[in-house]
Structures are given as C-alpha cells and as structure tokens.
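Heads up: the structure comes next, in structure tokens.
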Amino acid sequence: MCGRYASTARRTDLLEQFQVDDDKADELKGPDYNVAPTKLAPVVISRPPADGPRDADAVGQLRLFKWGLVPFWAKDAKIGNRLVNARSETVHEKPAFRAAFKSRRCLIPVDAFYEWFETDKISEKTKKPLKQPFAFRPTDGSSLALAGVYEVWNDKSLPDDDPAALLWSYTIITTTATDEVGRVHDRMPMSIASDDWGQWLDPTVKEPDDLKPLMTPPTGLEIYAVSTAVNDVRRNNGPHLLDPLPAS
C-alpha cells in the first residue's frame, strides 16, 4: 500500500510543472513531509471550470483534496478512512472506484513516499514486531506524479449552498512492488510519466484498455531507512523526516 508520503513543492512550481493557470488553483498549506490519510493535499485534475458552461472543455486544475476516497454513493464519509489506496489490478471494476476511474482521474505530486519493514525485534509494549520506516525517492532529485482517482461526495445533511456540503477526496493507485521495493513492502504506488499526463487526466478517455497501460511503477528510486519520528503524524513534520539514518 501507500500510506504516507511527502509533498513539498511550492505552488508556483506545481503550476508551472503541470501547466495550470493561477486562477484554477487552490491556495496550498505549504510543504508537508508527512502526508497521511484524512489530510488535505494537492492533486492535479482536469475538468470543466465550475463557473463555465456544462459543455466547456476540461482544463487543468490544482486542488486540495482529502486523502481517502468517499464514493458518491456512500452514506457516511467515514468510509474514506479505509479507501486510501486502490489496487491497479481491480480499480476499473471495484464499486468504490470504477466510476471515478472512468472519468475522474488525478495526479498526486509526491517527492518521496514511506513504507514500513517488519523487523525481527519485538516491542516490549505491544509484543508485536517493530517496524522500520523507509523512504523512497527518485535518485535524480525529481518528483513523482502518482496515479489516482478522485470523487465528489454530497453531504445531504447540509444545505446545498453550504460549501462544506461537497467533499472532494482521492485515492492512490497501487501495484505489486518491484524487486527493489519488494525488499521492504509488497505493494507500491503507481506513477504516470509526464508524456502521458494529458491522456490520463482527460475525462473523455474512459476505456480501461487505454488507461491501464499509462500506469507504471516508479523506478530509479533511492531507498533508505529513516527515523521512526515519521510514525507520529500529529507531532512530527519537516525535512528532517527524510534524513537517512546514520550507518550503525
């Protein structure tokens, strides 16, 4: 799975990278080195402007969405806490994701992601194996555009004109880990190459056979152990979370 990542790019850099106009972008909260489920994080989408005609062409947008997809048919938003990932093998057919995969796909800008390796050491407190966090980031210093889908959920307990009535949420698509990642965890996120961003985001492209080949597992990753400080989302954030552990 992919349950934690770092997203630290500046808003201006994301606008340039994904060719999004300033007026089609939300204000960001600043760098986050410990993005966790239920947090708001930047995603890139393509859809007609909200203030334009229904038949308007889709345009690139940079938005803050909640991590943890809430299907449009859900009765309770809490279901999103369980839908932070979608398997690439079944995303096009699972009820929670298939409608979104058909026409509501997104890119998630990521500088690094974290996974945990189960060690042989046992916690004295929980009596369970201790887990060592690892960071995965491109060796060339570039960023990743992870594959995702998003959804819009209407909270019917609120008035239609209440801005909080619409919840925008997303999930990250994962796949079986490559050999280099598989030494730490058996799943990893999917990414989209820059040449394929347009087709991936295009809501008029709907066939799984046209979309699934665009998803690839990221390669050329630097993999190293980091401090267990990353475990505590509420207390710990900042660039130090990506510092490699000193060699023992």
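What do you get for GluC sites (Glu not before Pro) in region 50-127 restricted to DSSP loop and a cutoff of at most 16 other Cβ within 10 Å of the site's Cβ?
E89, E93, E124
Give K29/K66; K94/K212; K39/K78; K94/K206; K66/K206; K66/K94 a once-over and call out the pairs whose C-alpha atoms are over 18 Å from each other.
Beyond 18 Å between Cα atoms: K66/K206; K66/K94.
Tabulate in residue order the Karplus-calculated ³J(HN,Hα) for region 9-18, using 6.51 cos²θ - 1.76 cosθ + 1.60 with θ = phi - 60°, rounded to whole Hz; enter x for Gly and Pro.
Taking θ as phi minus 60°, the curve returns 5, 6, 4, 4, 5, 5, 4, 6, 4, 9 Hz for region 9-18.
Across the chain, what fraction of all alpha-carbon pairs, as a whole percent, falls in each successive 5 Å bin from zero upward?
Pair shares across the bins are 1, 6, 13, 17, 20, 17, 12, 7, 4, 2, 1, 0, 0.
What is the Cα centroid distance between region 9-52 and region 95-133, reported in whole angstrom?
For region 9-52 versus region 95-133, the Cα centre distance is 22 Å.
Residues with amide H under 5 Å of C106's amide H, sequence separation 5 or more or different chain, H placed in the peptide plane at 1.01 Å from N; which?
Under 5 Å from the amide H of C106 lie the amide H atoms of G148, V149, Y150, each far enough along the sequence or on another chain.
Of W116, W153, W73, which has the most accessible area and how do the rest follow, probe 1.4 Å?
W73, W116, W153
Trypsin sites (Lys or Arg not before Pro), restricted to region 55-124: which are DSSP loop and have at most 15 other Cβ atoms within 10 Å?
Here the trypsin sites (Lys or Arg not before Pro) that fit, given the DSSP loop and packing criteria, are K75.
What full-extension length gain, to one decimal in nm, is calculated for E222 and A77 as 0.36 nm per residue of separation minus the Cα-Cα distance?
Here the segment from E222 to A77 would lengthen by 48.6 nm.
Given charges of +1 on the Cβ of Lys and Arg and -1 on the Cβ of Asp and Glu, with all other atoms neutral, how large is the dipole of region 162-248 about its Cα centre, in debye to the nearest 20?
Dipole size: approximately 420 debye.
Quick one: Cα convex hull volume of region 179-248, Å³ per residue?
Spelled out: Cα convex hull of region 179-248, divided by residues, is 162 Å³.
Just grab the label-to-label distance for T178 and A164, each label 7 Å out from Cα along the Cβ direction, in nm (one decimal).
Output for this residue pair reads 4.4 nm.
So which trypsin sites (Lys or Arg not before Pro) in region 1-31 end up in coil per DSSP with only 15 or fewer other C-beta atoms within 10 Å?
Passing both the DSSP loop test and the Cβ count: R10, K29.
The values are calculated or read from the model by the stated rules, or taken from the named source; none is laboratory data. Source: prediction; values computed, not measured. Neighbour counts run over all protein chains shown; Cβ positions are idealised from the backbone, glycine included. Surface areas here come from the heavy atoms of the whole protein model, side chains and all, with no ligands, DNA or RNA. Shrake-Rupley method; radii C 1.70, N 1.55, O 1.52, S 1.80 Å.
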